[in-house]
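First the structure, in the form of structure tokens, and then the observations on it.
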Amino acid sequence: MKSINRRKFIRISSLTTASLAVLNSSSMAALINNPSSDPVSTLQLLESAFLSPPESTRAGGYWWWFNGLVNKKGITRDLEEFKLKGIGNVLLVNSAGGLAGVPYPQGEKFLSSGWKALYRHALKEADRLGIEVGVNLSSGWCMGGPWIKPENAGRWFLQSTLNVKGPQKFSEKLPLPGGRDGYDNVFNPPGFKDYIDLPLNQLDYRDTSVVAILNPNGDQAKISGARKAVFSAKTNRKDASNFAKANDVMGPTLYPWTNEATDKPIPLNSVINLTEKVDKDGFLNWNVPEGDWTIIRTGHRMTGSKLMIAQPEADGLSIDWFDNRGVEIQFENLGNVLLEETAKANSKALKYFCDDSFEDGFPNWTPKILEKFKAFCAYDPQPYLPVLAGFIIENAEVSDRFLHDYRKTIADCMANGHYKRFAELCHEKGLKVQNESAGPSRSGTMCMDTLKNLGRSDNPMGEFWLGPKHDEPGNLDDDKPYSVSRLENGQNKVTKMVASAAHIYGKATASAEAFTSFRSWKDAPGNLKQALDRAFCEGINRIVIHTTTASRPEDGLPGYEYGAGTHFNPNVTWWEKSGAFFTYVSRCQHLLRSGKFVADVLFYNGDAAPNIVLPKHVSPDLGKGYDYDVCNEEVLLTRLSVQNNFIVLPDGMRYRVLVLPDEKRMPEAVVTKIEQLVKAGATVIGTRPSKAPGLSNYPTCDLNVKNIANKVWGKIDGKNIKFNQYGKGRVYQGESIRNVLLKDGIKPDFEYDGDGNFIDFIHRKTENEDLYFITNRLNKAVKSTCTFRIGNKQPQLWDAVTGEITKNIPYKILGNRIVIDFDFASFQSYFVIFPKVVSGVALSKNYPFPKLTDKQLLNGSWEVSFDPKWGGPDKITFDELSDWSKHTDEGIKYYSGKAVYRKTFNLDQPSKNKITYLDLGIVKDIASVKLNGKDLGIVWTSPWRVNVSECLKNTNNLLEIEVINQWPNRLIGDAALPKEKRLTNTNIVFKKTDPLMASGLLGPVRILESNS
């Protein structure tokens, strides 16, 4: 055992539950991950925080203020309830009406004196309650406002051509480009119909460059054939839905342009720069040399894109995403105002500014692009600008290389001109920055280096959605399209990417906007768990629930809401019982932030742009049971090194192998770094590169790439010879990743059996513990034998739903792995902890996988009490358990809210030395149980049962079950009533013909016994 300073030991081991509540995640991580920490003490710390999670591990929420329709009473109520139930931070988003069918009433105008007073009140109350606040730095989204002038707005490049014959003296005004030339298939940017066809004089057209090419062949000098099919993608002018898959976005840009015999290219030395000969009004004075010339005028227009659902007083153009001046203007006009009001409030609650999801079309230019291009690529792009108009300069391959460099420049401008500068501005004011900066974007083709964008954020963030009918059988299946499941092959679109970014850039959290949907009040915690656990296994460990809308109590129930989101606020029917769900979130997030993510493989995603990480998937080359991260060029060049044959990052992440993309083009700097890594002991798997992708240092770069690769790959041909030893390391080509790992004795990290089973996992490791989170991805009970790549350590089972820790579960040792037999209820999850030592926390009183037998069915009549205020009878007898929505009494049929079921019963046969459970069967949608006056807690997910062993009597048992359904049934019932007779009030539209939702305690309710 490693030694530990006695003072540090006392400090760790004496932490109480109360002190854990205020211990933040970073402090806890420092203790848990300290190599000199005593294993007993760190395990106790981990356990204590699991049982009573620190506030820093709580869920967050999107706290929408729509149309300023908030007041102090509502603000205080919201924040107090958030604190009470388990929300620890809020993202304040100011916006216009919430995308619903009925207009949102007007409250305080954004940034008015009344609004500022409410903002100050919110910060004071958040400070009082210990709730952290972030603010979206725009009304609506993404970023912009009335202070953004056309010259600082998003831009599209435009080009015009004019053919002239020399020799002659040319002195004419050059033709302006068409306002949407090259943008014929735009369909997805928000509000594009309002601006796409505006006259050019309303679009702030500005010139960038004018060049002439000696072009005797006219349009025959342009790219042709199959290569032309990818032209719009390569030039950043292809629109796409936000449903677009990553490979469909990246694939066309990676399609190589090869030279063809029929090409009529323009030699580079036949390009003349005329920019200095054109005046501000577009007049060109030029002595045209002999020959046929084409003059190409390149300029740019503002896209015209505006904010999404911004308040009218704060609406305006979206910023230029590629130049720091845009975000600086935003900060000057909004950020500084918010900071001034924060200072007046004397509050420390404000922790970060936020830049919400990128949904601003596909801008592709910036006024200073020539300057930025030269700085990034080290050559002048002007002679190659005709390539953007389709002309082949020098040859097709050279033209393709220029387009590669152009797209890389755009991606770098976004990462550094916007996201890096935004972070700098926030840090200068003592704030953090949070960005949802990598999609799913609208348009899906936005040219970005997603990992680089995310790496600029303190809280890198993505999102995950619920499908429109995700709770219906089959709608989560892998073969369902994204429009049905909001998943790609069963996985979230961007969350693995966000998690990889967090890991490779050394961020403590991987955040996600959680549960976004168009299913207003149709989801309760029980059917959200499967989506949450999926995201956890993808690497998310900080959720921000979408939505926790602010509301005024006087606006009734369920109140005004956002049209897109799963609603979590005091107005939802089941809010009073939501604490159990939030505790589950906190426990999971506590453990999933502990230690470091365990991955055997680091995939290099290449150096091209757009550069997007695919959703989590099983690579055929790797197979099941291994996990991975994905890195970009920046991280590979600046953060990777080698220690003891592991590829490591300075923040503690390590990987066994680096896998290269199946691509022969590689920058000289990258192949040089790979040579260094392999020489130092790394294992690299991938294709031998043969040339560079761009024009920097061309053509010498190609020779250098080839020479370095020949050293590192040696005689490998990928068929007969697949391996080369170089320095202390190795290179493989033509060998599967799985085979390389298995040859090294590295078996899968996690495996499971069972036909048709799907047990997902994620593995994290502290200095002294291994932590696996495993979850049944199926909506049915399954049995599975699971195998963990852990040596001889005694496993413990930690149940984040109940808080129970079981230390005596049966297991087998199989070589250097441990095997455990599991029973999973539908969508059930567990943490399996492998500590160095066993600590003193009490064992669970429940055996985790009891063999249950039916003891007694509680059939017959039940007394049920509804709330007459919401239309139900004060008391009624159900002859048997039934669905409220099928009842003949309309007060029950359309009831939404809480009802209490009561039954007195005797045991048919007394129980002796048996563990006894009450199983509720089907519950719609959440319940709590009392037996003989003892509160047995909230039941919100499977298995829908509680242990009743300590309070069950042989006779005269009084059972009380509170059940709460959701809002739709009452809203549907009210839709058939005159407005004055309705019990509800909301802006979300329901129709009287909408289907009712199954509601109530449906059962069967049973007494179950176990001998375990």
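Values in this text are rule-based calculations from the coordinates and carry no lab data. Every value quoted in this text rests on a predicted model; they were computed, and no experiment measured them. All Cβ positions, glycine included, derive from the backbone under ideal geometry; neighbour counts span all protein chains shown.
Quick notes
- Residue among Trp147, Ser517, Leu983 farthest towards the positive dipole end of the chain, charges placed on Cβ: Ser517
- Compared with the direct C-alpha span, the chain from Asn913 to Glu332 gains 202.1 nm at full extension, assuming 0.36 nm per residue.
- Matching the structure-derived Rg and Dmax of the Cα atoms in Å against the labelled list [x] 31.2, 111; [y] 32.2, 102; [z] 50.8, 191 gives the label [x].
- Computed FRET value (nearest 0.05) for Lys469 with Ala781, which takes r as the C-beta separation and R₀ as 25 Å: 0.65
- A cut-off under 11 angstrom between Cβ atoms defines the neighbours of Asn739, and their net charge, with Lys, Arg +1 and Asp, Glu -1, is 0.
- Pair Thr700, Asp194: separation of 7 Å Cα→Cβ label points (nm): 5.2
- ³J(HN,Hα) computed for each position of segment 359-369 - Karplus, 6.51 cos²θ - 1.76 cosθ + 1.60, integer Hz, glycine/proline x: 9, 10, x, 9, x, 9, 8, 8, x, 9, 5
- Rounded is the label for segment 597-743. Its Cα gyration tensor axes, ordered a ≥ b ≥ c, give a/c under 1.5.
- Note on Thr853 and Ala261: their simple-model spin labels are 8.5 nm apart, each label 7 Å out from Cα toward Cβ.
- Selection from Trp884, Leu557, Gly526, by position along the positive dipole direction of the chain (Cβ): Gly526
- Karplus (6.51, -1.76, 1.60) ³J(HN,Hα), θ = phi - 60°, over segment 576-584, in Hz, Gly and Pro reported as x: 4, 10, 7, x, 5, 5, 5, 5, 4
- Summing Lys and Arg as +1 and Asp and Glu as -1 over all other residues whose Cβ lies under 9 Å from the Cβ of Thr366 gives a net charge of +1.
- Linear extension gain, Asn707 paired with Lys743, 0.36 nm per residue minus alpha-carbon span: 10.0 nm
- For segment 153-169, backbone phi angles converted through the Karplus equation (6.51, -1.76, 1.60; θ = phi - 60°) give residue-by-residue couplings of 9, x, 10, 10, 7, 9, 9, 10, 10, 9, 8, 9, 10, x, x, 6, 9 Hz, Gly and Pro being listed as x.
- Cα-based Rg of segment 853-1010 normalised by 2.2 N^0.38 Å, two decimals: 1.14
- Structural descriptor for the chain: relative contact order 11 percent, calculated from alpha carbon pairs under 8 angstrom and at least 6 residues apart.
- Beta bridges from DSSP with both residues in the chain: antiparallel share about 70 percent, rounded to the nearest 5.
- Dipole in debye (nearest 20) - the chain, about Cα centre, beta carbon charges: Lys, Arg +1; Asp, Glu -1: 2180
- The gain in end-to-end length when the Lys886 to Phe243 segment is fully stretched comes to 227.7 nm, 0.36 nm per residue minus the alpha carbon separation.
- Net charge of Cβ neighbours under 9 Å - reference Thr495; Lys, Arg +1; Asp, Glu -1: +2
- With the charge dipole of the chain set up from +1 on Lys and Arg Cβ and -1 on Asp and Glu Cβ about the Cα centre, the Cα lying farthest toward the positive end among the listed residues Gln311, Ile813, Thr573 is that of Ile813.
- Cut-off under 5 Å, modelled amide H: who pairs with Glu488 long-range: Lys493
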